[in-house]
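The structure under discussion appears below in the form of structure tokens.
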Amino acid sequence: MAQNTARQLETTLPKRQEQTAPIHKKQPKVKSTRVPFSGFEIMSAILLSLLFMGMMIFVVSSKVSLSSTQYKLQNVNQKIVEIQNDNVNTKQEVSELSNKSRLMKVAQDAGLTINDNSIRNVSK
């Protein structure tokens with residue numbers, strides 16, 4: 001017969017003992033010791049928040065001012081363009097009215113004549 005070389009252990013289940021101590025032990029409450037803020041820390045936090053709010057207001061007002069100034073600049077540029085167009089139109093009208101053939105026609109309608117003998121060309 002084949003012999004088992006492994007040692008035979010007797011397995012006996014241990015008897016369940018009633019636990020007298022609870023599994024979860026209550027841990028003592030630890031008081032949280034918060035360090036209070038000092039007066040300097042409170043004042044510096046207040047001052048920094050006021051400074052931050054002031055800077056935000058400054059940035060917003062600067063943006064509004066910039067937009068307003070750009071609008072005014074655009075209006076001024078538009079007026080400049082309109083005046084330049086009026087100047088060009090006026091120069092063209094002056095050129096048309098001072099045309100030699102037109103002047104001669106107006107003179108003839110008024111009964112004026114030109115005498116070529118009385119015209120002198122002057123040059124330096």
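Coordinate-derived values only; no laboratory data. Owing to the predicted nature of the structure, the values given are computational and were not obtained by experimental measurement. Backbone-built Cβ (ideal geometry, glycine too); neighbour counts: all protein chains shown.
Full extension of the segment from Met43 to Ser101, taken as 0.36 nm per residue of separation minus the current Cα-Cα distance, would add 12.0 nm. From the square roots a ≥ b ≥ c of the eigenvalues of the alpha-carbon gyration tensor of the stretch 26-73, which class results: rounded (a/c under 1.5), prolate (a/b over b/c), or oblate? Taking the square roots of the gyration eigenvalues as a ≥ b ≥ c, the stretch 26-73 is oblate. Taking the average, over residues, of other Cβ atoms within 10 Å as the packing measure, peptides 102-114, 29-41 rank 102-114, 29-41 from highest down. What the Cβ-Cβ distance of Val59 and Val81 gives, at R0 = 30 Å and to the nearest 0.05, is a FRET efficiency of 0.35. Each 5 Å bin from zero holds the following percent of Cα-Cα pairs in the stretch 34-124: 2, 9, 7, 8, 7, 7, 7, 5, 5, 5, 5, 4, 4, 4, 4, 3, 3, 3, 2, 2, 2, 1, 0, 0.
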